[in-house]
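Reviewing the structure listed below.
We did not get these values from a lab; they are worked out from the coordinates using the rules stated. Worth saying up front: this structure is predicted, and the values here are computed from it rather than measured. Every residue, glycine as well, gets a Cβ built from its backbone with ideal geometry; the counts of neighbours run over all protein chains shown.
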Amino acid sequence: MQLKDQVALITGGSRGIGRGIAEAFAREGARVAIVYKGSREAAEQTVGKIVAAGGAALALQCDVTSPEAAQETVARVRQEWGRLDILVNNAGVIQDGLFIRMEPEAWNTVLQTNLGGVFNFCRAVAYDPFVRQRSGRIINISSVAAEHVNQGQTNYAASKGAINSFTRALAVELASRGITVNAIAPGFIETDMSAAVLNKAGEGLIKKVIPMRRLGKPEDIAAVAVFLASPASAYITGQVITVDGGLSLGAVAE
Amino acid sequence: MPTQTEIYEKVSATLVEALNVDEEDIKPDSTLQGDLGAESIDFLDIVFRLEREFGIKIPRGELFPESIFQGDPDFVQNGRVTEKGLAELRAKMPFADLDQFAADPQVSHISDLFTVEMIARYIQGKLAESGKN
């Protein structure tokens, strides 16, 4: 077990990639706090599954756009388990639309959730406990869409590009205290969030642009998150690791 | 109000925790940066810990001014602090021991002003001030 006795907090942990990470962390011996916004049932199901497998998990409702709620959520986890070692900022939303028709509301929601949520939770853990205990792992979930953009995603691409820069900048500030800050940039992963995009694009296109000829699974991302949370990655910080089956290499199959 | 020795001991214990150094390494004239290896994030941590430890509020930039002169030519010339600059330093950091620095006022030596003793003197002043209120 690579994360034995550690405590992890995962935002957007009830479904998709977040759930995959929560389950993988629990299998490695971590106690996991699953932070969800609206999908209580899914969060409780995930907790139930982890507990049934002999792990420890907790579901906490929190809107990541609220700095106060983020502080309270972190406090609750520390109260429950007395420590916090790993933060995974995974909560994210899409509100796609061509820019000339994009309402400020769609821009603000995406930026406030995807980027604001990262700020709020990093701020809630950075000094106390991470700086004070001289250890901690922060893993931000970005996207290949930050660098390899799609139409209709000015807001989403901007939020994920900002997460990559933020990851590097924060890594520099916290490195001397033994805290690592990294990001994972997933490609097309089979989740509720990507379902609409996939339906539109169709299987054929997917196979054409992904050299590995398959969609990613939440487990593909979770395995890298486990690595970034484990002692094996102690000397890695400020990196954005792309996990996309080769999608971003840009080769198109004939 | 705690005695001078009590304050010094508490400051010293705070630095042991914030800088991860051994207590034996901490002398009254140890400089935070040069001798104890403090970095910018450590200065912030020290401020937070001192606030908690002594129950005081340390306004931003009061104990560790982030940039004392902002490159003002009245205060700094050819890498040296001018007479006017020294007066400014004395006004902003009355708790620092400036006599030795004034003998050879190179800007690069300003970090040497930040010693363990200086923090203890600052805290003492702060506590005396709050005692009056």
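How large is Rg over Rh for the protein assembly as shown, taking Rg from the Cα atoms and Rh as the Kirkwood inverse mean of 1/r across Cα pairs?
Values: Rg = 25.4 Å, Rh = 23.6 Å.
On the Cα set of the protein assembly as shown, Rg over Rh gives 1.07.
Counting other C-beta atoms within 10 Å, which of A:122, A:62 has the fewest, and how do the rest follow?
Ascending Cβ contact count within 10 Å gives the list A:122, A:62.
Relative contact order for chain A: what is it in percent, counting Cα pairs under 8 Å that are at least 6 residues apart? Don't jump to the answer; show the numbers that get you there.
Numbers: 513 pairs, mean separation 51.4, N = 254.
For chain A, the relative contact order is 20 percent.
I need the helices of chain A that pass two filters: whole DSSP H segments spanning 20 Å or more by Cα along the axis, and mean Kyte-Doolittle score no lower than 1.6.
none
Treat the count of other C-beta atoms within 10 Å as a stand-in for reagent exposure and order A:144, A:131 from fewest to most.
Fewest-to-most ranking of A:144, A:131: A:144, A:131.
So what is the relative contact order for the range A:141-244, in percent, with contacts set as C-alpha pairs under 8 Å and at least six apart?
That works out to 37 percent.
Tell me, what HN-Hα J-couplings in whole Hz come from the Karplus equation 6.51 cos²θ - 1.76 cosθ + 1.60 at θ = phi - 60° for each residue of the range A:31-39, using x for Gly and Pro?
These are the phi-based 3J(HN,Hα) values: 8, 10, 9, 9, 9, 10, 9, x, 8 Hz.
Would you kindly derive the ³J(HN,Hα) couplings of the range A:135-147 from the backbone phi angles with the Karplus curve 6.51 cos²θ - 1.76 cosθ + 1.60 (θ = phi - 60°), listing them in order in whole Hz, with x for Gly and Pro?
After applying 6.51 cos²θ - 1.76 cosθ + 1.60, I find 6, x, 10, 10, 10, 9, 8, 9, 6, 4, 5, 5, 9 Hz.
What residues have an amide H closer than 5 Å to that of residue A:57, excluding those fewer than 5 places away on the same chain, when H is modeled at 1.01 Å from N in the peptide plane?
Long-range HN contacts for residue A:57: A:32.
How many Cβ atoms of partner chains, on average, are near each residue of A:171-179 if near means within 10 Å of its Cβ?
2
Would you calculate the separation in nanometres between label points at residue A:45 and residue A:71, each defined as 7 Å from the Cα along the Cα-to-beta-carbon direction?
Placing both labels 7 Å along Cα→Cβ, they lie 3.5 nm apart.
When a/c reaches 1.5 or more, the comparison of a/b and b/c decides; with that in mind, is the range A:107-173 rounded, prolate or oblate per its Cα gyration tensor?
Judged from the Cα gyration tensor, the range A:107-173 comes out prolate (a/c at least 1.5, a/b above b/c).
Looking only at other chains, what is the average number of their beta-carbon atoms within 10 angstrom of each beta-carbon in B:38-45?
Counting other chains' Cβ atoms within 10 Å and averaging over B:38-45 gives 3.
Among the GluC sites (Glu not before Pro) in the range B:46-131, which ones are in a DSSP loop with at most 14 other Cβ atoms within 10 Å of the Cβ? Mind listing them? Let's see the in-between values first.
On the way: sites: B:51, B:53, B:62, B:66, B:83, B:88, B:117, B:129; in loops: B:62, B:66.
Within the range B:46-131, the qualifying GluC sites (Glu not before Pro) (loop, at most 14 other Cβ atoms within 10 Å) are B:62, B:66.
Across the range A:239-249, in residue order, what do the Karplus-derived ³J(HN,Hα) couplings come to in whole Hz, using 6.51 cos²θ - 1.76 cosθ + 1.60 with θ = phi - 60° and x for Gly and Pro?
After applying 6.51 cos²θ - 1.76 cosθ + 1.60, I find 9, 10, 9, 7, 10, 9, x, x, 3, 6, 5 Hz.
By counting other Cβ atoms within 10 Å of each Cβ, how are B:40, A:176 ranked from fewest to most?
Details: B:40 12, A:176 15.
So the residues, fewest neighbours to most, are B:40, A:176.
List the residues, sorted by chain then number, that are 5 or more residues from residue A:185 or on another chain and whose placed amide H is less than 5 Å from its amide H.
Here the answer is A:142, A:241, A:242, A:243, since their amide H atoms fall under 5 Å of that of residue A:185.
Just want to confirm a number: the relative contact order over the range B:30-133, from Cα pairs under 8 angstrom separated by 6+ residues, in percent.
33
R0 = 51 Å: FRET efficiency of residue B:67 with residue A:192, Cβ-based, nearest 0.05?
It comes to 0.55.
5 Å is the cut-off here: which amide hydrogens, built 1.01 Å from N in the peptide plane, fall below it relative to residue B:114, excluding neighbours closer than 5 in sequence?
Result for residue B:114 returns B:32.
Using just the helices of chain B, give the 222 nm mean residue ellipticity in deg cm²/dmol: DSSP H runs with n ≥ 4 each add -39,500 (n - 2.57), and the total is spread over all residues, rounded to 500.
It lands at -15000 deg cm²/dmol.
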